[in-house]
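What follows is a short report on a single structure.
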């Protein structure tokens, strides 16, 4: 079996160069990735994870990671908190939408509470701790967006105005407003 | 050259089955896709495009499409409006975040105005028109999320509360709050 080998070429029906397999012509379309995460509060303190993996191993972050196929952002944020911190979250609302075009990321960050006080490091975390807001290790946070999210969460906690619209209650895009189902491929 | 051929198998360092090329072992990771779009107003009317492509050819939609690599959602929403309607937009704010897990989509929808009154059908549109809100062809809208976005835009126009936090002004995730650049791969 040959090794994977891709060249940058422009498909006939496209205006942008894509990675095309030299062996069989498969077009590897690349899309920006969606990161889902949460600022998690418990009794006035904030849950942070110390990263066990690169990039930024040893630095502190909020629980967050890549959304999987067929997952709602809310479910993904809860899954990541479980995987990284064994934390069972109640999500309150969408806190912020960030974009990091350099690495083709869009981040959806939620406000959350612990459903129960248990937490523990998952395989991608060296440590998990609750921090008093005044004791957050700001010099050891992993990413700019962790700073942003903690600042925005503090603003929201202090009474900043409400949050974005999202899907109507109970709707995940499977039916028209009159109840008719939509066909596969429609959004 | 063989045809592209993929089997669903679980890579060694992974817990989820991925599409792996039978010819060369390339792992085609699939991620949810980000759709960016806009509810566009001009002198009280709303810009809609009649789709020239499937799915839902012939139905009306707001200008929207897939975010490209290294593009901010705002730039993507403006690009899509240009491609589909030759419309030059001024984006006002993020209106809504929708998710459609069935087709692994997250949609970011903006409120926008026309920068100048020109518009015309692009290659993916049969027609582009401005509609008085009372004359929107609700029975001929392409997708549930077009209904949602038009309803949310009407709420916002009527004075509904403000919108989500987003990146701090001027920030695209390339530096820490103290100004230090972040290394490649960090977010």
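Here are some notes:
- Linear extension gain, residue B:29 paired with residue B:70, 0.36 nm per residue minus alpha-carbon span: 12.9 nm
- Cβ-vector label at 7 Å, residue B:31, separations to other copies in nm: 1.0
- Inter-copy separations for residue B:158, label at 7 Å along Cα-Cβ, nm, ascending: 3.3
- Degrees between helix A:73-85 axis and first principal axis of chain A (Cα, 0 to 90, nearest 10): 60
- Panel order for B:83, A:80, A:140, A:3, by other beta carbons found within 10 Å of each beta carbon, from fewest to most: A:3, A:140, B:83, A:80.
- Averaging the sequence gap over all C-alpha pairs within less than 8 Å and six or more residues apart, then dividing by the number of residues, gives the stretch B:1-147 a relative contact order of 25 percent.
- With a cut-off of 15 Å on the backbone N, the residues of the stretch B:32-46 near the modelled label site 7 Å out from residue B:93 along Cα-Cβ are B:39.
- Peptide-level mean, for B:68-75, of C-beta atoms on other protein chains within 10 Å: 5
- Mean projected area (nm²) of the alpha-carbon convex hull when the protein assembly as shown is viewed from all directions: 20.1
- Each copy carries residue A:57; placing its label point 7 Å along the C-beta direction from Cα gives inter-copy distances of 5.4 nm, listed from smallest up.
- Most mobile listed residue (A:89, A:141, A:69) in chain A, GNM with C-alpha springs under 10 Å: A:69
- Of the beta bridges in the stretch A:1-159, as assigned by DSSP with both residues counted there, near 75 percent are antiparallel.
- Computed [θ] at 222 nm, helices only, for chain A once each DSSP H run of length n ≥ 4 contributes -39500 (n - 2.57): -4500 deg cm²/dmol
- As a proxy for reagent exposure, ranking A:125, A:155 by other Cβ atoms within 10 Å from fewest up yields A:155, A:125.
- Stretching residue A:22 away from residue A:9 to a fully extended chain increases their span by 3.7 nm, per 0.36 nm per residue minus the current alpha-carbon distance.
- Helix axis angle, A:144-157 relative to chain A longest principal axis, alpha carbon, degrees: 50
- The stretch A:108-166 and the stretch B:90-112: distance between their alpha carbon centers, rounded to Å: 24
- For A:6, A:59, B:26, A:138, the sequence from fewest to most other C-beta atoms within 10 Å is A:138, A:6, A:59, B:26.
- Convex hull volume per residue for the stretch A:33-157, taking Cα atoms only, in Å³: 96
Every number in this text was worked out from the coordinates using simple rules, so none of it is lab data. These numbers come from a predicted model, not from an experiment. Backbone-built Cβ (ideal geometry, glycine too); neighbour counts: all protein chains shown.
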